[in-house]
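To start, the structure itself, in structure tokens.
The values are calculated or read from the model by the stated rules, or taken from the named source; none is laboratory data. Computed from a prediction, not measured in an experiment: that's the story for all the values here. Here the Cβ positions follow ideal geometry from the backbone for every residue, glycine too, while neighbour counts run over all protein chains shown. The accessibility values were calculated without ligands, DNA or RNA, using every heavy atom of the protein model including side chains. Shrake-Rupley method; radii C 1.70, N 1.55, O 1.52, S 1.80 Å.
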Amino acid sequence: MNMQDSPSLLCTNEKRVYGPVNSWRLGQSLGIDPIFTKSTCSYNCIYCQLGSIQDITNNYKIYVPTDEIIKDLQEFLPLKQPLDIITYSGSGEPTLAANLGEVIREVRGVVPDIPQCILTNATMLHNSSVVEDLNQLDRVIVKLDAWDEEMFQRVNRPIAGVTLMDLVDGICHFRQQFKGTLEVQTMIFSTNIKQDLEAFAQLLIRISPDLVQLNTPKRPYPMSWHRENRGNHQGIFNYEVRQLKTITKEQATIITQHLKELTSLEIISIR
Ligand code: SF4
């Protein structure tokens, strides 16, 4: 999973529904958090805006009952502003939620006209139930921050047993049968910017996504977990954070152009 962009405070942080978030990639995006109780993920990315993950796990189970999520969504209605999309994200990796498919269907019943997407780290794509769940979505955005195993382990710090090649194989298999839009989201920063972009391009060509989004860690790394970080509630950091090194506009432009030439894919960058 990865996080959404800038905030508004229509929903409180006590709910499984948050935002809407004004996202440079997604527009006005209402977040749905099927994890919620604490930060829970199969990665512990060095830049995660949730801070150090509290529960690093691939435990596939129901974290939040579906009816609690739907109740929070219904409390948010009627819509006070137009929404572009509903995004499954929040307090960790949303595909760890075993009721995700049920949630997607029930949300579709409540707001049938709003497209739905997910931000996922793709580590659960070996699970056929997860693939079935994600097939119900309009957009699937997978995280890919590394193009060699050493960098993968250093940046994403996955749970033991997850390898970059298995991850990419899972994304490729998913890609072959997914009827919606598949996007790759990559965080570019001081660690991976020095690596060979040709190797990255080769992985992108294999995956063949509809879009590649290059991001940079503009949000600080909190030294403790706060649920409001789900939506990047800028300006209310009243707790200790560490600023992360971002890339410059010039670097983003050069990388974007170079990757376009190497892959012929559509590539956009936050800068
Ligand atoms: S995959 Fe997303 S939620 Fe998980 S550690 Fe990385 S940035 Fe955080």
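Here are some notes:
- Between the helical axis of 100-110 and the longest alpha-carbon principal axis of the chain there is an angle of about 60 degrees.
- Percent accessible area from carbon and sulfur atoms, the stretch 70-169, protein chains only, probe 1.4 Å: 52 percent
- Cα-Cα over 18 Å, subset of 143/218; 194/245; 80/218: 80/218
- The C-alpha atoms of the chain define a longest principal axis, and helix 164-177 lies at about 60 degrees to it.
- Crossing angle, helix 197-207 versus the chain [Cα axis fit, 0-90 degrees, rounded to tens]: 50 degrees
- Separation of alpha-carbon centers, the stretch 29-92 and the stretch 108-122, rounded to whole Å: 12 Å
- Rolling a 1.4 Å probe over the heavy atoms of the protein chains gives the chain an accessible area of 41 Å² per residue.
- Cut-off 17 Å, label 7 Å out along Cα→Cβ of residue 258, residues of the stretch 154-195 by amide N: 186-195
- Entries of 15/61; 179/260; 61/249; 61/179 with Cα pairs more than 31 Å apart: 61/249
- The gain in end-to-end length when the residue 67 to residue 228 segment is fully stretched comes to 55.8 nm, 0.36 nm per residue minus the alpha carbon separation.
- Of the solvent-accessible surface of the stretch 185-234, computed with a 1.4 Å probe and all protein chains present, 46% belongs to carbon and sulfur.
- Cα→Cβ-extended label distance, 7 Å offset, between residue 129 and residue 75, nm: 2.7 nm
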